[in-house]
1. When only alpha-carbon atoms count, how far does region 240-297 stretch along each of its three principal axes, as whole angstroms with the largest first?
2. Sum up the lysine pairs in the chain that clear both bars: alpha-carbon distance under 30 Å and a spacing of 8 or more or different chains.
3. Over the Cα atoms of region 267-327, how large are the radius of gyration and the largest Cα-Cα distance (Dmax), in Å?
4. Rounded to the nearest percent, how much of the accessible area of the chain (1.4 Å probe, protein heavy atoms only) is carbon and sulfur?
5. How much solvent-accessible surface does Met59 expose, in Å² to the nearest 10, with a 1.4 Å probe and all protein chains in place?
6. Residue-wise, which Karplus ³J(HN,Hα) couplings in Hz belong to region 73-84, taking 6.51 cos²θ - 1.76 cosθ + 1.60, θ = phi - 60°, and x for glycine or proline?
7. Report the dimensions of region 129-266 along its three principal axes from the alpha-carbon atoms, largest first, rounded to Å.
8. Solvent-accessible area per residue for the chain at a 1.4 Å probe radius, Å²?
Amino acid sequence: MSDTAEQGAERTDAGGRPEQVTPEEPAERSTEEERLLRRRARRISAGRSAERTLARLDMLAPLRERLALLDGADTLYDLDEPGDLYGNGVVAALEEKVAGLLGKEAAAFFPTGTMAQQVALRCWAGRTGNPTVALHALAHPEVHERDAFREVSGLRPVHVTSEPRQPTADEIRGFEEPFGALMLELPLRDAGFLLPTWEELTELVGAARERDAVVHFDGARLWETTVHFGRSLPEIADLADSVYVSFYKSLQGFGGAALAGPRSLVEEAKTWRHRYGGAVFQQFPTALSALAGLEHELPRLPDYVTHARVVAAALREGFARAGLPWARVHPEVPHTFDFQVWLPYGVDECSEAAIRQAEETGTALFVNAWDEKGPDLSMTEVYVRAAALEWTAADVRAAAADFASRLPKAGT
């Protein structure tokens, strides 16, 4: 059973709150769901208590630690100003900052990226007269949003490709039916956090323009693409008519997203934001955390990307030296600071090896869940953040060898 099931195996108590499950629960609670919940709790506990890890998953930290993100917020915004009301004040200041960072006329804050992108593409559909959105079959709205484009916003998604790579300009040019908007996820997470080359990206955009389609970037992680493209954020965002960015995926904020683009589009989007229930009364904690992320994390992202390449190479070397029959780091040279590791073992074997390594050595090499990709084939995502900068290539190779020693031997 995959760790995707583990992540989704959730119970609630009588008050509707998530029920905490610990490894010490009675053995009679042995259904598959309970087993996965216990493993998830054990994995999170082991990762949090480990002395060394490639990334600290801040979203799992206690509230006291999360609130520490706002320490020094008075240097980011005047805290003697009144709190925001329905998007003014600190929220408006954040919108202005994001627009400037991306080189766009304006930006609108949204509570979620799901809402931001639906609103953007709904607005574009009204302007083009075509509700068809061309996107990748592995794009986030198609995999993780429960058909929201279709069910909520009246959009019609069509798949340019389902191959685990970015689409090509020829596929855009040769697509068999008209579409009003092309949505590109940069990077494409479920294909391995993949990006096109700069030349490929400009060709993709050009091919959409040839078809009179607008271009929207799903840039949840756009912040971390500058190293791969060798371009600034404004240069990258300038290729698209509109861009969505997240404040928590790369910047460690509490949540939230922004939609940036032409001022007229952003003003229309704010109207739809209200209609979708996104005109939240006060959002200053989330807005302040986003400002903190832009101030402190954004300048460090290129260092994380560069070090991710060191980590990926060392993992390959460590696995090879350990004699694993087959192991894959994908992509071989990471495009961002996140990438995938594939191993020829079941989820149970990989999960147990990762958890035991963290528990027994204090080194957590793999802190994320493992996902079943086929018989005896599993994949996990590796995140490289500030904590990883303390690791040398030799450290990574040693940890990979230790992890491999905890996997079942071939033929056993």
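The values are calculated or read from the model by the stated rules, or taken from the named source; none is laboratory data. Small disclaimer: the values here were computed from a predicted structure and weren't measured. Cβ: placed from backbone, ideal geometry, glycine included. Neighbour counts: every protein chain shown. Note: areas computed on protein heavy atoms with side chains; ligands, DNA, RNA excluded. Shrake-Rupley method; radii C 1.70, N 1.55, O 1.52, S 1.80 Å.
1. 31, 30, 15
2. Numbers: Lys97/Lys249; Lys97/Lys270; Lys104/Lys249; Lys104/Lys270; Lys249/Lys270; Lys249/Lys373; Lys373/Lys409.
Final tally of qualifying lysine pairs is 7.
3. Spelled out, the Cα radius of gyration and Dmax of region 267-327 are 21.4, 58 Å.
4. On the way: 8930 of 18020 Å².
Roughly 50 percent of what the probe reaches on the chain is carbon or sulfur.
5. Taking all protein chains as shown, Met59 has close to 120 Å².
6. Rounded to whole hertz, the list is 4, 5, 7, 9, 7, 6, 6, 8, 6, x, x, 6.
7. Dimensions of region 129-266 along the principal axes of its Cα atoms: 39, 34, 34 Å.
8. Values: 18020 Å² over 412 residues.
Per residue, the chain has 44 Å² of solvent-accessible surface.
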